[in-house]
Amino acid sequence: MYVSLPWGCDDARELTESRPVEVRGLVNRYGRLTAVDQVELTVESGDVYGFLGPNGAGKTTTLRMLLGLIRRDAGSIRLFGGDPAVDPIASLDGIAGFIEEPRLYSYLSGRANLELLAALDRGRAGRAQIDEVLDLVELRDRAGDRVDEYSQGMRQRLGLASCLIRRPRLLLLDEPANGVDPAGIRFLRALVRRLADDGMTIVLSSHLLAEVQEVCNRVGVINNGRIVHEGALADLESRGGSGYRLQTTDTVRAAHAIERLRGIRGLRRDHDELTFTLAAQEDTVALTRALADAGVGVRELVREHTTLEDLFFWLTESEPSVGESERAVA
């Protein structure tokens, strides 16, 4: 059952005068390690913003700073114009989310968890609102059960419910599909779409690239603490060039010939097949010429659609690892 809730504040001008998220020059350090390095993010009203990056790239640290859970060492954060470090109560009003996984009282029922959170939030949500949210996440029938009897997917949905009882304008979710089965992932995807259709702005950190491609309109990609791409998902997809699969008479010699070409990205060898991306389709002329010069015959050359996963690896594997970088603070 889907219940449409009236998200947002009463003053419509506030939604248009300030962006939901503006981050400029954000830095966070753990000792000598710079975990977040001059990060800049812009989230527009109504965005479903995918925040992507490998494990340890700085996604969770950035979200913790946005919610005021840890301090920043430099830079600015504005959430609808407010700074959570200066006035956390006012700045986080109308904003909700959870980091890594929702924190719930396992010995209480799902409904009791929501009632307790509503009371802590100055009693904004009454029984009717809690019922609406339980319907929205499809937990009404299990609301009286203890949370320690819930599956992981049900816990994630209750965590979402705990955010939604605030009727937020901005929802920050860190890996909400962690530990969720395929049916649960499909449910979460549909729920995010519905919330966005109702006008909510959502920032979604995820490693499930297919899900991001399904629900997000804009993305930011972070690697080694730095933003390596931010913009419309369509713009990122257009940067991908064309993907190819190649089978030749000599895979090793073909790989050596190809890796010297300009415009080649993501060259990989899988037994007797090479996969790679060409920056422009006309580069196939240079490719076939290089193979001919190397004395390599082409058995099959197939053009393929470049996926978000291909683009993600291209963006994040082109930089050195944290251990190889020079991001340590002197």
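A short reminder: the numbers here are calculations on the coordinates, not readings from a lab. Small disclaimer: the values here were computed from a predicted structure and weren't measured. As a convention, Cβ positions derive from the backbone with ideal geometry for all residues, glycine included, and neighbour counts pool all protein chains shown.
Looking at 263, 252, 298, which one has the Cα that reaches farthest to the positive end of the dipole of the range 241-305 (charges on Cβ: Lys, Arg +1; Asp, Glu -1)?
With unit charges placed on the Cβ atoms, the residue in question is 263.
With charges set only on the Cβ (+1 for Lys and Arg, -1 for Asp and Glu), what does the dipole of the range 12-230 come to about its Cα centre, in debye to the nearest 20?
Approximately 340 debye in magnitude.
Can you tell me, using C-alpha contacts under 8 Å and at least 6 residues apart, the relative contact order of the range 46-110 as a whole percent?
21 percent
Quick check on the range 61-216: take the gyration tensor over C-alpha atoms, sort the square-rooted eigenvalues as a ≥ b ≥ c, and tell me if it's rounded (a/c under 1.5), prolate or oblate.
Note, shape of the range 61-216 comes out oblate.
Can you tell me the dipole magnitude for the range 56-163 around its Cα centre, using point charges on the Cβ only (Lys, Arg +1; Asp, Glu -1), in Debye to the nearest 20?
Dipole about the Cα centre, nearest 20: 240 debye.
Name the shape class, rounded, prolate or oblate, that the alpha-carbon gyration tensor gives for the range 192-240, where a ≥ b ≥ c are the square roots of its eigenvalues, rounded holds for a/c under 1.5, and otherwise prolate holds if a/b is larger than b/c and oblate otherwise.
prolate
Can you sort 275, 61, 249 so the residue with the fewest Cβ neighbours within 10 Å comes first?
Ascending number of Cβ neighbours within 10 Å: 249, 275, 61.
Using the Karplus equation 6.51 cos²θ - 1.76 cosθ + 1.60 (θ = phi - 60°), what ³J(HN,Hα) coupling, rounded to whole Hz, does each residue of the range 134-151 give in order, writing x for Gly and Pro?
With the stated coefficients, the range 134-151 comes to 4, 5, 4, 9, 6, 10, 4, 6, 10, 5, x, 7, 5, 5, 5, 9, 7, 6 Hz.
Classify the range 155-225 from the C-alpha gyration tensor, please: rounded if a/c falls under 1.5, else prolate or oblate depending on whether a/b exceeds b/c.
rounded
Quick one: if the Förster radius is 35 Å, what FRET efficiency do residue 262 and residue 32 give, using the C-beta to C-beta distance and rounding to 0.05?
0.40
Contour minus end-to-end for residue 73 and residue 249, with contour as 0.36 nm per residue of separation and end-to-end as the Cα-Cα distance?
57.8 nm is the gain from fully extending residue 73 to residue 249.
Report the gain in length on full extension from residue 24 to residue 112: 0.36 nm times residue separation, minus Cα-Cα distance, nm rounded to one decimal.
Stretched out fully, the residue 24 to residue 112 stretch lengthens by 27.7 nm.
Once amide H atoms are built 1.01 Å from N in the peptide plane, which residues 5 or more positions from residue 228, or in another chain, come under 5 Å H to H?
Under 5 Å from the amide H of residue 228: 221, 222, 223.
Considering Cα pairs under 8 angstrom that are at least six residues apart, work out the relative contact order of the range 241-305 and quote it in whole percent.
Answer for the range 241-305 is 51 percent.
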